Amino acid sequence: MSDSAAPSPVKMHWFLPTGGDSRDVLPGSSTSARPPSHAYLAQVALAAEAAGFEAVLTPCGTGCEDAWIATASLIPITTRLKFLVAFRPGLLSPTLAAQMASTYQRMSGGRMLVNVVTGAEPRELKRFGDHADKATRYERTGEFLDVMRRAWSGEPIDFDGAHYSIEGATTRAVPDPMPEIYFGGASDEAKDVAARHADVYLVWGEPPESAKRQADDIAARAQRFGRTLRFGIRFHVICRPTAEEAWAEADRLLAGISDDDIAAARADFETTMSEGQRRMAELHSSERGRLVIHPNVWAGIGLVRGGAGTALVGSFSEVADRIEEYRDHGFSEFILSGYPHLEEAQWAGEGLLPELRRRGIVAPSSSNAEAPVFSFR
């Protein structure tokens, strides 16, 4: 990525907790759990829309509600919010995925984005009957994305590969706009697929220079195929009017994590097949005393949770500083989340996004619509 190009406004996204939500970060916490009911997911979606977020990302897997169905149920109650729908390519045909996404675009008025998740943990994949090894899964993903994108073209296509043999793949109509493909993965196999097929490459939140090295690697690989990508980064966020308030909330979350919880999570992380998860665990090495890995970047959530384990913590102004720093390192899309997702979306909408707009980092809001927001604060 070039540092000389003038940065464009960034896109800010939120997260839809289809696996449930809580005021704590411990997986499966029952002390303050909020099930992912339609009513609660609707509140989070409306709060994200009212705050000015562009889209909401969903997870995928047996620990959450199905992303296609859950997000489609929210189309009628939102007006401009987009849905970044996550799914695993090995579990359905690429032609069916193309048809589903094409239909989704028409039913939502063009509000779908595609998040393709190849998957890394064998125990999760085996629940779906997928026993392929890592190299095979990524090779299959590359073929899947090739077929899916070409099926949107309006012209029937044939494909004969190692994993798919398809004749006349197409959809009823060309989706408008064409769904953009978001893709993440820190292994070489994942990076090669991203370089060939992705529109946006996603990384989990690491210090700026480390994250930039990953993006630069992808950019160089994509250039060999005559392609350019955008880059996104995934963080939790704890932002408040003052730094003291934000760090007090981080301390509260940390106080709810026992040493036994950390040891159990560490044992699980040590068996991971995910390169990205390994990188997340290395940021803190399960030590409470080394959680601030960069100014306002806190690795406390990753002590016990898989996936994105870092949070941007600070005042609205400080978190905006960090987003500006990552923007200057080439990241143009930010996917944020928080515990709980409803209240943290409201905090971001009250202070962080207005500060980013004031600085010109985020484009002015194009919507004057007011969505109802329900708070548990």
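Observations, loosely collected:
- Close Cβ contacts (under 9 Å, 6 or more residues apart or on different chains) running from residues in segment 105-119 that are in contact (Cβ under 8 Å) with a residue 12 or more places away in the chain and closer than 18 Å to Pro175 by Cα to residues that are assigned to a helix (DSSP H, G or I) and β-branched (Val, Ile, Thr) comprise Ser108/Thr71; Met112/Thr71; Val116/Thr141; Val116/Val193.
- Odd one out for Arg305, checked against (1) within 19 Å of the chain's Cα centre (by Cα); (2) modelled with pLDDT of 95 or more; (3) open to solvent by 40 Å² or more (accessible area, probe 1.4 Å): (2)
- Contact map, segment 247-263: residues that are without any contact (Cβ under 8 Å) to a residue 24 or more places away in the chain paired with residues that are open to solvent by 40 Å² or more (accessible area, probe 1.4 Å), Cβ distance under 8 Å, separation 6+ or inter-chain. No pairs are found.
- The residues on offer are Gly232, Gly205, Gly256, and the sole one that is more than 17 Å from Ser332 (Cα to Cα) and either under 23 Å from the mean Cα position of the chain (by Cα) or open to solvent by less than 70 Å² (accessible area, probe 1.4 Å) (or both) is Gly256.
- Of the strands (runs of 3 or more DSSP E) that lie entirely inside segment 1-110, not one contains 3 or more residues that are among the acidic types (Asp, Glu), touching a helix residue (DSSP H, G or I) at 6+ places or on another chain (Cβ under 8 Å) and modelled with pLDDT under 95.
- Residue match in segment 171-186 (condition: open to solvent by 20 Å² or more (accessible area, probe 1.4 Å), more than 20 Å from the chain's Cα centre (by Cα) and among the acidic types (Asp, Glu)): yes
- Filtered residue count, segment 308-325, keeping only those that are of a type outside the set (A, V, I, L, M) and buried (at least 24 other Cβ atoms within 10 Å of the Cβ): 3
- Qualifying residues in segment 118-154 (those that are more than 23 Å from Ala195 (Cα to Cα) and either modelled with pLDDT of 95 or more or of a type in the set (Gly, Ala, Ser) (or both)) - the one surrounded by the fewest Cβ atoms within 10 Å (Cβ to Cβ): Gly129
The values are calculated or read from the model by the stated rules, or taken from the named source; none is laboratory data. Remember, it's a predicted structure, so these values are computed and weren't measured experimentally. Heads up, the Cβs are rebuilt from the backbone with ideal geometry, glycines too, and the neighbour counts pull from every protein chain shown. Each accessible area value is taken on the protein alone, full model and side chains, heavy atoms only, with ligands, DNA and RNA left out. Shrake-Rupley method; radii C 1.70, N 1.55, O 1.52, S 1.80 Å.
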